[in-house]
1. Just list whichever of K147/K332; K115/K428; K309/K407; K152/K332 have alpha carbons separated by over 30 Å in the model shown.
2. Between T206 and R401, what length in nm is gained on full extension when 0.36 nm per residue of separation is reduced by their alpha carbon distance?
3. Would you please give the residues with an amide H less than 5 Å from that of S391, counting only those at least 5 places away or on a separate chain, with H modeled from the backbone geometry?
4. From the residues A198, Q262, P28, which one has its Cα farthest along the dipole of the chain in the positive direction, the dipole being from +1 and -1 charges on Cβ of Lys/Arg and Asp/Glu about the Cα centre?
5. Want the number for A408 to L131: 0.36 nm per residue separation, take away the alpha-carbon distance, what's left?
6. What number comes out for accessible area per residue over the chain if the probe is 1.4 Å? Units Å², please.
7. May I ask you to give the percent of accessible area on the chain that is carbon plus sulfur, with a probe radius of 1.4 Å?
8. So how exposed is C377, as accessible area in Å² (1.4 Å probe, rounded to 10)?
Amino acid sequence: MAHISGTDRSQTLLFPEVIDDYVGPDNPVRFIDAFVDGLDLTAAGFARVAPEKTGRPGYAPGDLLKLYIYGYLNRVRSSRRLEAECHRNVEVIWLLRTLKPDFKTIADFRVDNRKAFRAVFRQFVVLCRKLDLFGRELLGVDGTRIKAVNNKDRNYTKNALEKFIKAVDERLDEYLERLDEDDATEAGTGGSRTKNLAEKIEALRTKRDRYNAMLADLERSGDDQISLTDPDSRAMAAYTKVGVGYNIQIAVDSKNKMIVEQAVSNQVVDMGLLTQTAEVARDILEVEQIDVVADKGYYKIEDIEACEKAGMTPYVPRPQRGPAVREGFFRKDEFRYDAERDAYICPAGQVLATRYESKLRNLKKFDYSNRAACLVCAIRSRCTKDFRKVSRLENEAVLDRMAARLKARPEILNTRREIVEHPFGSIKQWMNQGAFLTRSLDKVRAEFSLTALVYDMRRAINILGVEEMMRAARA
């Protein structure tokens with residue numbers, strides 16, 4: 001039996017007469033075309049929407065935007081690879097109507113319109129809201145780190161620079177001593193060793209000057225680190241497994257795990273980013289009240305209080321940290337606060353009522369203790385080495401309310417994991433976007449706006465289908 005054979009390459013074939021016949025009615029590329037055609041590109045902030053009256057004609061921003069959305073939707077982000085797709089990919093040929101922009105034009109479009117991509121993402125979120133794809137009851141907020149175009153060897157902290165300068169100075173002193181010793185011994189031998197030492201000394205001085213210049217830049221700017229390839233990128237915390245990168249924040253609706261709001265920051269930790277991410281998402285969803293759940297990295301009393309004031313009910317678990325936890329002593333949450341007596345009840349049943357007032361981040365802080373009870377306590381070894389103090393901030397009642405909510409709904413923390421891990425897993429694994437291609441915060445924000453847009457777009461198409469999405473876009 002013979003194998004299946006193809007058609008002879010010289011055989012004349014009867015291909016369809018129009019390109020449109022190559023693209024099926026349920027192909028996502030048709031929705032991309034309809035969605036972009038329905039956008040007000042001028043209002044979104046795109047440049048050159050209206051063609052110039054003179055000069056060489058340029059490409060329409062809508063066509064290049066379609067190309068980028070298609071590329072990100074199909075894991076093609078490089079401008080050179082997008083250029084190649086314009087020549088060989090039937091779907092792209094259909095989408096751009098046989099236009100073939102070069103890679104420089106494609107790359108410049110993303111740079112020149114970097115602020116407009118966020119507006120396109122917002123427009124799609126509004127479309128999804130009208131299609132009832134958001135439950136608008138619970139938001140999961142989380143962050144992840146994505147690598148920047150900056151190697152960790154080209155990132156320097158202030159402490160590292162000071163150590164480098166000290167090490168260089170010590171090496172210079174050593175070389176200078178050796179140079180003095182060798183001057184006499186090599187006077188009659190041509191001085192080859194002396195010449196080598198002099199070259200090393202000059203190289204070290206050049207390196208020290210470069211380190212001093214970077215340290216001076218840090219002191220002038222007030223930053224704690226500097227990156228040479230991408231100045232806006234920062235060294236992330238060690239547990240994130242990303243050397244130098246950016247902190248990506250998303251607010252995800254629980255109904256279909258779709259991104260409502262996204263932001264890119266070079267802040268290393270998540271603390272302090274909860275309200276500014278969730279409040280924008282609440283406004284977009286047009287609800288007065290919504291529950292917000294996040295992990296313990298967002299646990300900051302000022303942020304949680306701001307959430308409540310902004311019409312959101314936060315659920316953030318208390319992290320177990322502090323000197324008592326490190327020493328293996330009783331945690332603070334094992335001490336019960338008695339609001340009526342304004343005192344803490346310790347695990348041994350003693351009352352910690354004595355207060356000492358101080359300041360913490362512009363907030364009043366009160367320390368409660370009972371030295372006499374600690375001295376005779378039977379379980380003192382499990383609580384303290386001397387006597388125990390428990391601190392309380394002036395607005396800590398918001399944390400007590402949140403702890404009560406978490407006790408009543410402990411399952412919400414598992415729900416949070418299900419909500420937020422799906423987008424990040426899809427973006428990093430399925431979409432293969434574990435690193436940015438552009439440099440600087442503005443360009444990286446544009447790049448991730450495209451990423452979030454196509455993630456939501458694929459989710460919406462999978463749920464409703466291409467034809468339903470096209471009808472909504474045209475309406």
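1. Details: K147/K332 36 Å; K115/K428 23 Å; K309/K407 22 Å; K152/K332 38 Å.
Those over the limit are K147/K332; K152/K332.
2. Values: separation 195, 0.36 × 195 = 70.20 nm, distance 5.84 nm.
Taking T206 through R401 to full extension adds about 64.4 nm, to one decimal.
3. Sorted by chain and number, the residues that satisfy this are Y368.
4. With unit charges placed on the Cβ atoms, the residue in question is Q262.
5. Details: separation 277, 0.36 × 277 = 99.72 nm, distance 3.25 nm.
In short, 96.5 nm is gained.
6. Details: 25970 Å² over 475 residues.
The answer is 55 Å² per residue.
7. Details: 12470 of 25970 Å².
Of the solvent-accessible surface of the chain, carbon and sulfur hold 48 percent.
8. Accessible area, nearest 10 Å²: 40 Å².
The values are calculated or read from the model by the stated rules, or taken from the named source; none is laboratory data. Since this is a predicted model, take the numbers as computed values, not measurements. Cβ: placed from backbone, ideal geometry, glycine included. Neighbour counts: every protein chain shown. Heavy atoms of the whole protein, side chains included, go into the accessibility calculation; ligands, DNA and RNA do not. Shrake-Rupley method; radii C 1.70, N 1.55, O 1.52, S 1.80 Å.
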